[in-house]
1. Of all residues in the stretch 55-66, which are crowded, with 18+ Cβ neighbours inside 10 Å and either in contact with a helix residue (DSSP H, G or I) (Cβ under 7 Å, 6 or more places away or on another chain) or acidic (Asp, Glu) (or both)?
2. Can you name every residue in the stretch 6-36 that is over 11 Å from the mean Cα position of the chain (by Cα) and either among the aromatic types (Phe, Trp, Tyr) or on the phi > 0 side of the Ramachandran plot (or both)?
3. Would you mind listing the helices (runs of 4 or more DSSP H) fully within the stretch 20-100 where at least 1 residues are under 19 Å from Phe10 (Cα atoms) and in contact with a Leu (Cβ under 6 Å, 6 or more places away or on another chain)?
4. Being closer than 17 Å to Ser65 by Cα and surrounded by fewer than 11 Cβ atoms within 10 Å (Cβ to Cβ): is that true of Lys78 here?
5. Quick check, is Ile71 of a type in the set (A, V, I, L, M, F, W, C) and under 18 Å from Gln107 (Cα atoms)?
6. Ile93: within 12 Å of the chain's Cα centre (by Cα) and at pLDDT 95 or above, yes or no?
7. Please identify the pairs in which a residue from the stretch 1-15 that is farther than 11 Å from Phe67 by Cα has its Cβ atom under 7 Å from the Cβ atom of a residue that is surrounded by 12 or more Cβ atoms within 10 Å (Cβ to Cβ), counting only partners at least 6 apart or on another chain.
8. What are the residues in the stretch 37-95 that are among the hydrophobic types (A, V, I, L, M, F, W, C) and free of Cβ contacts under 8 Å to residues at least 12 places away in the same chain, if any?
Amino acid sequence: MDYTKRFLSFLIDEIIFSVMSIVLMLILSHIGILKENFNFSIIGPIIFWSLFIFKDLKGKSFGKSIFKLQIVDCQTKKTASPLKCVLRNLFYILGIFDLIFMCYHSQGRRLGDYIVGTKVIKL
């Protein structure tokens, strides 16, 4: 697996969801749901991670689509289910440990992929 394409697709998704989070916080603030004294350093990451965890519901994100990557179920070889995609993304919270696992795994799978039974392939 080409790690450069995986990293760039991840970076594209990070940028997209960061912008979406900021826009959503501004909208919520403007319509009065978030008050001025509300701590944006708490709600910002919550909004970002809520969006980011659900980014691959159809087996690929916007970044993966650009680089023609797909998340598949290791057993069926078909597009991973939305539940498996969400569960694998929960492991992003491990940060560098997830990355290290991917670099040392013989198939280049992240810890989330390994535990949930998915992998990223080139289409």
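The values are calculated or read from the model by the stated rules, or taken from the named source; none is laboratory data. Because the structure is a prediction, the values reported are computed rather than measured. Here the Cβ is made from the backbone with ideal geometry for all residues, glycine too, and neighbour counts use every protein chain on show.
1. Filtering the stretch 55-66 for residues crowded, with 18+ Cβ neighbours inside 10 Å gives 55-56, 59-61, 63-64.
Lys55, Asp56, Gly59, Ser61, Gly63, Lys64 - these are the residues of the stretch 55-66 that are crowded, with 18+ Cβ neighbours inside 10 Å and either in contact with a helix residue (DSSP H, G or I) (Cβ under 7 Å, 6 or more places away or on another chain) or acidic (Asp, Glu) (or both).
2. Residues satisfying the conditions are Phe7, Gly32.
3. Working: elements: 40-53, 62-66, 82-90.
Answer list for the stretch 20-100: 40-53, 82-90.
4. Values: closer than 17 Å to Ser65 by Cα: yes; surrounded by fewer than 11 Cβ atoms within 10 Å (Cβ to Cβ): yes.
Against the criterion (closer than 17 Å to Ser65 by Cα and surrounded by fewer than 11 Cβ atoms within 10 Å (Cβ to Cβ)), Lys78 qualifies.
5. Answer is yes for this residue.
6. Details: within 12 Å of the chain's Cα centre (by Cα): yes; at pLDDT 95 or above: no.
Taking the combined requirement at face value, the residue does not satisfy it.
7. From residues that are farther than 11 Å from Phe67 by Cα, the pairs are Met1/Gly108; Met1/Val120; Tyr3/Gly108; Asp13/Lys55; Asp13/Ser61; Asp13/Phe62; Asp13/Gly63.
8. Those that are among the hydrophobic types (A, V, I, L, M, F, W, C) and free of Cβ contacts under 8 Å to residues at least 12 places away in the same chain: Phe38, Ile42, Ile46, Leu83.
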